[in-house]
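The values are calculated or read from the model by the stated rules, or taken from the named source; none is laboratory data. Note that the structure is predicted; figures quoted are calculated from it, not measured. Glycine gets a Cβ as well: all are built from the backbone with ideal geometry, and neighbour counts include every protein chain shown.
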Amino acid sequence: MSAIPTKPLTRNITRGEIPLDIASYERADGYVAVRDTLGKVDPAAIVQMITDSGLGGCGGGGFPTGRKWQLMPTRAQRPGPRYFVVNADEMEPGTFKDRLLLEGDPHQMIEGIILSAYAVQADVAFIFVRGEYVTAIERLNIAIAQAAAAGLLGANIFGSGYNLSIQVHGGAGRYICGEETALLNSLEGKRAIPRSKPPFPQINGLWGCPTIVNNVETVCNVPHIVRYGTDWYRGLGANGAVGTKIYGVSGRVNRPGTFELPMGTSMRAMIDDCAGGMKDGYRLRAVLPGGASTGFLPEDQMDVPMTFADMAKRGTRLGTGTAIVLDDRTCPVGFIANLQQFFARESCGWCAPCRDGLPWVERTLKSIETGTGVARDLDILTEMTDNLGPGRTFCALAPGAMASLQSGLKYFGDVFRQHIDSRACPWT
């Protein structure tokens, strides 16, 4: 057996090199968990193991994975088809962790699906991939074909009586497909709009059947937890957190990229030690800790552990854990306006607050940035952060968009007023 890993998600990934084929993956202890589990371990025991591990959803919400699985009715309670879906529609600006996993170690993804689908007794799995991830789609299809040829997929796998097929589906390129129910609609060939919840997908998901939807990184953790145990996984974290996390940094740092670190690592350690600190001539002003739909974390809070709970205490979210750095030579108003332009374009148009409110926010911010804003605009923007906030829209797209704006008004209010008073952007 190979040494017990401390960076399980990326241990097989070498940047710039093609991923392991199935033979090499198996030599690195790949698919051992599958061979030791299918037909030998009760699926409910796997669900309990994931629950006990403390694994949370890595797509942005952090909801306990085991609890999500437990909400799915058993086959006795609900006979008929049931599905397992991987959300690989990674379109959050500043986020690129799932691409690393899909391209760098696709067999890890396949093994995670086999074990997860077995745990919830799904016999068909779909990987819904962002359409622009062409390389990831190609490598996943190759890995699936290799796994099927090795008897790891198909009917009666290893004589266990368990059947599973996996299909890769390239998305149509809309941000809203990252919302799990919009993803299911798109997978069914319908317009990608969110569904009303409840019922939740675990009860009434793909084609009306029980369905689990999990993020790429979440699923990739499953083989290692099953292989090495819950105590091992819980011991990987720092500052009271469990497991590892693929964090990322973009912006004017010396080494932007992705890094597998103990969950609970501080933002300062990641930026200074992993990303090499700020480039010469730039000073860190603030960070969006988890992609474009999270609120700013100011420079004086960089020592906070990067966990869902610790970020919530500071009025922001960990989100995807991929930080966007705002430096002192980039205009905060222009920075936020650029993000709002993205969200306005990506609104699915299903509910009026998002469809009409986001373009209004975008226009207002651009007026301020270009020197035609007025004092009343700040009141309008503040009102909009409430009108488009949680509970006011059909899904979380608009509330996520408001996170950067609301925190930007809080931390950079003087910069907004400076734009209005001088009728120009100080950075142009």
Worksheet item: For Thr230, are the conditions met, namely being buried (at least 18 other Cβ atoms within 10 Å of the Cβ) and more than 20 Å from the chain's Cα centre (by Cα)?
Response: yes
Worksheet entry | Lone qualifier among Leu318, Leu358 - being buried (at least 23 other Cβ atoms within 10 Å of the Cβ), over 25 Å from Thr258 (Cβ atoms) and either under 22 Å from the mean Cα position of the chain (by Cα) or not charged (D, E, K, R) (or both) | Leu358
Fill in: Checklist (1) out of contact with any Phe, Trp or Tyr (no Cβ under 7 Å at 6 or more places or on another chain); (2) in a helix (DSSP H, G or I); (3) buried (at least 19 other Cβ atoms within 10 Å of the Cβ) applied to Cys58, failing item
(2)
Worksheet item: When Leu326 is evaluated against the numbered criteria (1) touching a Lys or Arg at 6+ places or on another chain (Cβ under 9 Å); (2) under 28 Å from Ala172 (Cβ atoms); (3) crowded, with 21+ Cβ neighbours inside 10 Å, which criterion, by number, is the only one it fails?
Response: (2)
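Please verify whether Met267 is among the aliphatic types (A, V, I, L, M), touching a strand residue (DSSP E or B) at 6+ places or on another chain (Cβ under 9 Å), touching a residue at least 40 places away in the same chain (Cβ under 8 Å) and crowded, with 17+ Cβ neighbours inside 10 Å, treating the condition exactly as stated. Can you show your working first?
On the way: among the aliphatic types (A, V, I, L, M): yes; touching a strand residue (DSSP E or B) at 6+ places or on another chain (Cβ under 9 Å): yes; touching a residue at least 40 places away in the same chain (Cβ under 8 Å): yes; crowded, with 17+ Cβ neighbours inside 10 Å: yes.
Spelling it out, Met267 is indeed among the aliphatic types (A, V, I, L, M), touching a strand residue (DSSP E or B) at 6+ places or on another chain (Cβ under 9 Å), touching a residue at least 40 places away in the same chain (Cβ under 8 Å) and crowded, with 17+ Cβ neighbours inside 10 Å.
Let's see how each residue does on (1) over 16 Å from Leu20 (Cα atoms); (2) modelled with pLDDT of 95 or more; (3) assigned to a helix (DSSP H, G or I):
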| position | (1), (2), (3) |
| --- | --- |
| Ile127 | yes, yes, no |
| Gly131 | yes, no, no |
| Ile137 | no, yes, yes |
| Ala143 | no, yes, yes |
| Ala147 | no, yes, yes |
| Leu152 | yes, yes, no |
| Gln167 | yes, yes, no |
Discussion item. Quick check on this structure: which one of Val304, Val287 is of a type in the set (A, V, I, L, M) and at pLDDT below 95?
Written reply: Val304
Item to complete: Give the residue, chosen from Tyr233, Tyr162, that is in contact (Cβ under 8 Å) with a residue 40 or more places away in the chain, farther than 20 Å from Ala122 by Cβ and not acidic (Asp, Glu).
Response: Tyr233
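Give the residue, chosen from Glu179, Glu188, Glu217, that is closer than 16 Å to Tyr83 by Cα and assigned by TED's automatic domain parsing to the domain that holds Ala122. Quick ask: steps written out before the conclusion?
Numbers: Glu179 fails: closer than 16 Å to Tyr83 by Cα; Glu217 fails: closer than 16 Å to Tyr83 by Cα.
Checking each option against the conditions leaves just Glu188.
Mind listing whichever residues of region 63-98 are part of a helix (DSSP H, G or I) and over 18 Å from Leu183 (Cα atoms)? Quick ask: steps written out before the conclusion?
Going through region 63-98, the residues part of a helix (DSSP H, G or I) turn out to be 65-70, 97-98.
Within region 63-98, Thr65, Gly66, Arg67, Trp69, Gln70, Lys97 meet the criteria.
Within region 38-55, restricting attention to residues that are of a type in the set (Gly, Ala, Ser) and in a loop (DSSP other than H, G, I, E, B), which residue is nearest to Thr322 (Cα to Cα)? Before the answer, list the steps.
To start, the set of residues in region 38-55 that are of a type in the set (Gly, Ala, Ser) comprises 39, 44-45, 53-54.
From what's left, in a loop (DSSP other than H, G, I, E, B): 39, 54.
On the way: Gly39: 38, Gly54: 21 Å.
Of everything passing the filter in region 38-55, Gly54 is nearest to Thr322 (Cα to Cα).
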Item to complete: Quick one: which residue in Ile368, Ile380 is assigned to a helix (DSSP H, G or I), closer than 25 Å to Leu297 by Cβ and either in contact with a His (Cβ under 8 Å, 6 or more places away or on another chain) or β-branched (Val, Ile, Thr) (or both)?
Response: Ile368
